Amino acid sequence: MIDVDSQDGGETRDVEIGASEHPVPDTLPVLPLREIVPFPDTVIPLAIGQERSTKLVNDVLAGNRLLAMVASRRPELEQPGPEELYEVGVVGVIARMLRVPDGSLRLLVQGAQRIAITGWQATEPYLVASVEERPDEVTTESPQLTALVRNVQQAFTRIVEQVPYLPEELQLAVNNVEDPGALSHLIAGSLRSPAEDKQALLEERDVAKRLRRLVEMLARELEVISIGTEIQSQVQSEMEKGQREFVLRQQLKAIQEELGEGDEAQQEADDLREQLAALELPEETRKQADRELNRLERLNPAAAEYGVIRTYLEWIATLPWNTTTEDNLDLANARQVLDADHHGLEQVKDRILEFLAVRKLTGGRDEVPRGSILCFVGPPGVGKTSLGRSIARALERNFQRLSVGGMRDEAEIRGHRRTYIGAMPGTLIRAMRDAGSNNPLVIIDEIDKMGADFRGDPASAMLEVLDPEQNATFRDHYLDVPFGLSNVMFITTANTLDTIPGPLRDRMEILQLAGYTEDEKLQIAKRYLLPRQIERNGLKRSQLRIGDRALRAVIRDYTREAGVRNLEREIGTICRKVAREVAEGQEIASPSISEERARELLGKRRFFTEARRRTRVPGVATGLAWTPVGGDVLFVEASAMPGTGHLTVTGQLGDVMKESAQAALSYVKGHVGELAPNLEANWFASHDLHLHVPAGAIPKDGPSAGITMVTALTSLLTGRCVRDDVAMTGEITLTGQVLPIGGLKEKALGAQSHGIKRVIAPELNEVDAEDVPEHLRRRLEFSFVSDIGQVLEAALVPPASNGRSRAREAGYMLSEARASDRR
């Protein structure tokens with residue numbers, strides 16, 4: 001009998017059933033269940049929402065109301081297939097159905113017989129399977145079976161008493177069930193156990209074995225409940241302890257007040273209030289400090305937040321909000337200080353004097369002029385950091401240095417928010433506190449070596465710091481109030497500009513420090529390095545003197561750098577060896593160190609001038625290169641061998657340099673009639689060419705070796721050697737034009753250190769020659785060229801008019817090789 005009634009748009013069907021009276025058909029529609037394992041003789045509430053399941057229920061209600069309920073192996077699947085379902089389930093009889101307004105169904109299904117799926121008949125529009133009944137295997141009643149039933153009932157009774165989700169009526173029902181199989185089904189369906197364990201119980205047909213499994217599950221559940229009760233007891237005990245401590249502290253506070261003893265916490269709060277009152281804080285900062293101070297006074301000193309707030313207020317109280325030092329605007333004094341600490345570097349010194357002149361004419365206003373954030377770019381050891389210290393001394397400003405090389409965490413700049421344990425301000429706020437004034441000189445070292453990772457990008461955070469339009473209201477994450485950095489004079493240092501992001505580079509005025517010439521290194525060694533090393537090694541001026549010739553030998557043969565760090569190390573080595581002789585009581589004939597004595601103390605020479613040796617044969621040209629550590633020379637070697645016209649380039653060259661090699665070869669091929677008129681017409685087709693740039697372990701790239709490659713190829717084809725005192729730099733085009741390059745000053749310094757006398761450079765770089773020191777310009781001959789013809793005329797040795805010069809001999813050897821190829 002089916003009774004139907006409708007209320008508020010819903011439809012309810014009540015079905016009068018007798019589950020045990022229904023025989024099991026051969027085929028049944030299968031309703032997959034997620035995270036539910038059905039058991040016989042139990043009523044299961046179900047929510048049906050999928051279209052496939054809704055159609056199944058409607059068809060079942062129109063028929064015999066029987067379906068197969070099977071648990072899914074993968075509950076995360078919305079529509080599991082036959083392979084995702086267990087093989088054993090339960091016949092279900094729909095007892096009640098409620099159709100809700102949203103179209104979904106609510107069912108009460110009475111579990112009947114256990115079944116096993118023997119095959120699948122259909123998968124659409126829903127699953128249909130062949131089934132067979134799997135009844136319990138009931139053994140004769142025995143004392144062992146009776147004991148199992150009692151153990152199960154007792155364990156389940158204990159669980160019902162301790163968990164709230166099982167009603168007491170269920171306990172009465174369990175105690176009144178006499179059938180062991182029905183008892184196991186009732187208890188198993190009531191427990192919140194893993195679906196795999198419940199499925200194992202359902203599949204077990206032996207009642208005794210099923211009861212044993214059920215005893216194990218109940219024992220585990222009791223153990224979990226016991227552990228949870230113990231944890232709850234501990235939590236309650238800790239809460240009671242905290243309340244007890246609070247009451248005792250309140251009583252202690254009352255006793256101390258009665259005895260007239262001082263409250264340390266209140267004293268700390270009063271001291272902080274006095275310190276903050278003495279400061280002229282901005283309005284926003286004042287409100288924040290007062291708010292935190294009021295919270296501090298209300299907190300128990302034992303509270304974890306008490307220490308956090310106290311540390312925060314101490315930071316507010318120690319920062320130099322209005323403490324300013326007065327600049328020394330005496331230009332003559334500044335010039336004297338800068339000259340005393342550093343030799344040369346006239347461009348940087350002039351820029352500092354300009355800054356002081358502007359400050360002097362504007363009346364010394366506190367704000368730093370726009371665009372005064374300087375960036376010193378140059379190779380290591382040229383004095384970038386020490387120059388910043390000298391500028392601070394000349395201005396009589398406090399000095400702080402920050403090293404950001406390798407920094408990858410944005411919080412290092414902006415600080416950590418106070419929600420984190422151990423939070424603290426960033427390096428800038430810490431530097432301001434250590435400086436003790438709000439207008440120090442802060443040098444940010446190695447700004448080109450900042451990184452970025454999942455913690456943020458410090459270079460992006462530095463944009464606000466180095467922007468005069470924004471840093472007046474710099475907000476550290478820890479302080480969370482604005483702190484002005486507009487009075488700070490920032491100076492940054494870098495070895496290269498390539499790794500500095502464009503927006504950050506745009507905020508700085510770039511000052512290049514190219515390096516020192518040999519004469520400048522000599523003066524630096526005499527004025528600064530030698531006296532410092534004599535003092536550090538415990539010697540006296542009268543015990544050691546190094547002459548100019550000895551110092552020049554050290555500079556040329558034992559160091560090859562743009563700066564002077566290695567030079568100072570070598571001078572330190574001489575001083576240590578002399579100090580040992582003095583300490584051992586050896587008799588020193590003369591305190592003067594000659595060139596021979598310097599070589600004896602330092603050992604074999606480490607650097608040699610190779611241009612003369614390398615260019616003895618045709619096909620080798622000397623080029624100039626810029627590196628992050630200064631200028632250097634490079635050699636381009638060209639060689640020919642029988643082949644098919646293939647070009648090989650080696651020496652770990654970058655893509656741009658490989659393209660320059662191809663452009664150089666294309667130009668030579670296109671103008672071979674002018675460059676080598678005696679060359680056979682098909683010579684390129686029958687020979688392979690190889691261009692090699694030695695020092696293959698060092699990566700090289702850039703277009704400035706173009707004219708060097710053309711010169712090396714032309715030298716190979718004509719048999720004319722390249723002059724051993726010439727080095728060149730410039731980019732080549734397919735039409736033979738020479739384009740400008742960068743780093744001419746650095747390259748000129750590198751040429752000088754290798755004994756080069758003549759430098760060939762693009763005509764458009766002639767204005768850059770003014771950056772080269774005057775005494776170096778007098779020693780180096782610059783040839784500024786606009787096309788490759790001028791390069792070859794200046795670089796190649798002219799053919800000898802008579803006799804067999806080196807060039808003629810090399811050309812003769814190349815001609816013999818060509819003749820051999822023809823034979």
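Grab the beta carbon distance between S639 and R599, set R0 = 22 Å, and tell me the FRET efficiency rounded to 0.05.
Values: r = 37 Å, r/R0 = 1.67.
Taking R0 as 22 Å, the efficiency between S639 and R599 is 0.05.
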Item to check | Under 11 Å, Cβ to Cβ, from R74 - net charge with Lys/Arg +1 and Asp/Glu -1 | outcome: -3
Item to check | Largest to smallest accessible area among D453, D179 [probe 1.4 Å] | outcome: D179, D453
Item to check | Selected from M217, P798, S486, residue furthest toward positive end of dipole (the chain; charges at beta carbon) | outcome: P798
Item to check | Relative contact order computed over the chain (Cα-Cα under 8 Å; 6+ residues apart), in percent | outcome: 7 percent
Item to check | Separation of alpha-carbon centers, segment 196-240 and segment 711-765, rounded to whole Å | outcome: 87 Å
Next on the checklist: Can you bin every Cα-Cα distance in the chain into 10 Å intervals starting at zero and give me the percent of pairs per bin, rounded to whole numbers?
Outcome noted: 2, 9, 12, 11, 10, 9, 9, 10, 10, 10, 6, 2, 0, 0
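Using +1 on the beta carbon of Lys and Arg, -1 on that of Asp and Glu, and nothing else charged, what's the dipole of the chain about the Cα centre, debye to 20?
Taking the Cα centre of the chain as origin, the dipole is about 5640 debye.
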Checklist outcome for this item: Rounded to the nearest 10 Å², the accessible area of S666 using a 1.4 Å probe with every protein chain kept is 50 Å²
Next on the checklist: Given the options N398, P699, T559, identify the residue whose Cα lies farthest towards the positive end of the charge dipole of the chain (+1 on Cβ of Lys, Arg; -1 on Cβ of Asp, Glu).
Outcome noted: T559
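Pull out the extension gain between W321 and D350, defined as 0.36 nm times the separation in residues minus the alpha carbon to alpha carbon distance; nm, one decimal. Let's see the in-between values first.
Values: separation 29, 0.36 × 29 = 10.44 nm, distance 3.16 nm.
Full extension from W321 to D350 adds 7.3 nm.
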Checklist entry - Against the longest principal axis of the chain, how steep is helix 565-583, in degrees 0 to 90 to the nearest 10, with axes from Cα atoms? => result 80 degrees
Item to check | D_trans [Stokes-Einstein, Kirkwood Rh over alpha-carbon pairs] for segment 607-738, 20 °C, 1.002 mPa s, µm² s⁻¹ | outcome: 144 µm²/s
Checklist entry - Mind checking the angle between helix 264-277 and the chain's longest principal axis? C-alpha axes, 0 to 90 degrees, to the nearest 10. => result 50 degrees
Checklist entry - To the nearest 20 debye, what is the magnitude of the charge dipole of segment 78-215 about its Cα centre, counting +1 on the Cβ of each Lys and Arg and -1 on the Cβ of each Asp and Glu? => result 380 debye
Next on the checklist: Keeping all protein chains in place and using 1.4 angstrom, which order do I491, I225 fall into by accessible surface area, from largest down?
Outcome noted: I225, I491
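Quick one: Kirkwood hydrodynamic radius for segment 544-598, alpha-carbon pairs, angstrom, one decimal? Show your work: numbers first, answer last.
Values: mean 1/r = 0.0846 Å⁻¹.
Kirkwood hydrodynamic radius for segment 544-598: 11.8 Å.
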Item to check | Cα centre as origin, Lys/Arg/Asp/Glu Cβ charges: segment 14-110 dipole, Debye | outcome: 220 debye
Next on the checklist: With a 1.4 Å probe and all protein chains kept in place, how much accessible area does T644 have, in Å² rounded to the nearest 10?
Outcome noted: 120 Å²
Next on the checklist: Just want to confirm a number: the relative contact order over segment 360-515, from Cα pairs under 8 angstrom separated by 6+ residues, in percent.
Outcome noted: 37 percent
Item to check | Placed amide H near L33: partners under 5 Å, 5+ positions off or other chain | outcome: V70, A71, S72
Checklist entry - Going from most exposed to least, what order do F355, F399 have by accessible area with a 1.4 Å probe? => result F399, F355
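What Kirkwood hydrodynamic radius, in Å, does segment 70-118 give when the mean of 1/r is taken over all pairs of distinct Cα atoms and then inverted?
Details: mean 1/r = 0.0788 Å⁻¹.
With all distinct Cα pairs of segment 70-118 included, I get 12.7 Å.
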Next on the checklist: Once ligands and nucleic acids are excluded and a 1.4 Å probe is used, how much of H646 is accessible, expressed in Å² to the nearest 10?
Outcome noted: 110 Å²
Checklist outcome for this item: Simple spin-label estimate for A583/S666, 7 Å along Cα→Cβ, in nm, reads 6.5 nm
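At a Förster distance of 30 Å, what's the computed FRET efficiency of T229 paired with A173, Cβ-Cβ distance as r, to 0.05?
Working: r = 25 Å, r/R0 = 0.84.
The value I calculate is 0.75.
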Checklist outcome for this item: PRE zone check, label point 7 Å out along Cα-to-Cβ of E137, amide N under 19 Å, scope segment 185-210, hits 185, 199-210
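Taking 0.36 nm per intervening residue step and subtracting the Cα-Cα distance, what contour gain separates A340 from A452 on full extension?
Details: separation 112, 0.36 × 112 = 40.32 nm, distance 3.95 nm.
Result for the pair: 36.4 nm of gain on full extension.
F782 to A147: extension gain in nm, 0.36 nm per residue of separation minus the Cα-Cα distance? Show your work: numbers first, answer last.
Working: separation 635, 0.36 × 635 = 228.60 nm, distance 11.05 nm.
Extra length from F782 to A147 when fully extended: 217.5 nm.
Only helical DSSP H runs with n ≥ 4 go in: add -39500 (n - 2.57) per run for the chain, normalise by residue count and round the 222 nm mean residue ellipticity to 500 deg cm²/dmol.
Working: 29 runs with 353 residues, N = 823.
Calculated at 222 nm, the ellipticity per residue is -13500 deg cm²/dmol.
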Checklist entry - With point charges of +1 on the Cβ of Lys and Arg and -1 on the Cβ of Asp and Glu, referenced to the Cα centre of segment 450-555, which listed residue (M508, L497, A550) lies farthest in the positive direction of the dipole? => result A550
Checklist outcome for this item: Expressed in angstrom and ordered largest first, the alpha-carbon extents of segment 464-612 along the principal axes are 68, 43, 22
Checklist entry - In straight Cα distance, which lysines are under 26 Å from K198, not counting same-chain residues fewer than 8 positions off? => result K209
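If contacts are Cα pairs under 8 angstrom and at least 6 residues apart, what is the relative contact order of segment 99-217 in percent?
Value for segment 99-217: 23 percent.
Which entries in K521/K700; K526/K745; K384/K745; K349/K449; K349/K700 show an alpha-carbon gap greater than 22 Å? Before the final figure, lay out the partial values.
Details: K521/K700 28 Å; K526/K745 24 Å; K384/K745 17 Å; K349/K449 26 Å; K349/K700 34 Å.
K521/K700; K526/K745; K349/K449; K349/K700, as the Cα separations exceed 22 Å there.
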Checklist entry - If one takes the longest principal axis of the Cα atoms in the chain, at what angle in degrees, from 0 to 90 and to the nearest 10, does the Cα axis of helix 143-162 lie? => result 60 degrees
Next on the checklist: Taking every pair of distinct Cα atoms and averaging 1/r, then inverting, what Kirkwood hydrodynamic radius in Å comes out for segment 136-242?
Outcome noted: 15.0 Å
Next on the checklist: Testing the spin-label approximation: label points 7 Å from Cα along Cα→Cβ at E216 and T118. State their distance in nm.
Outcome noted: 3.1 nm
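The values are calculated or read from the model by the stated rules, or taken from the named source; none is laboratory data. Owing to the predicted nature of the structure, the values given are computational and were not obtained by experimental measurement. Because the Cβ atoms are built from the backbone with ideal geometry, glycine has one as well, and the counts that use them run over all protein chains shown. These accessible areas exclude ligands, DNA and RNA; they are computed on the full protein's heavy atoms, side chains included. Shrake-Rupley method; radii C 1.70, N 1.55, O 1.52, S 1.80 Å.
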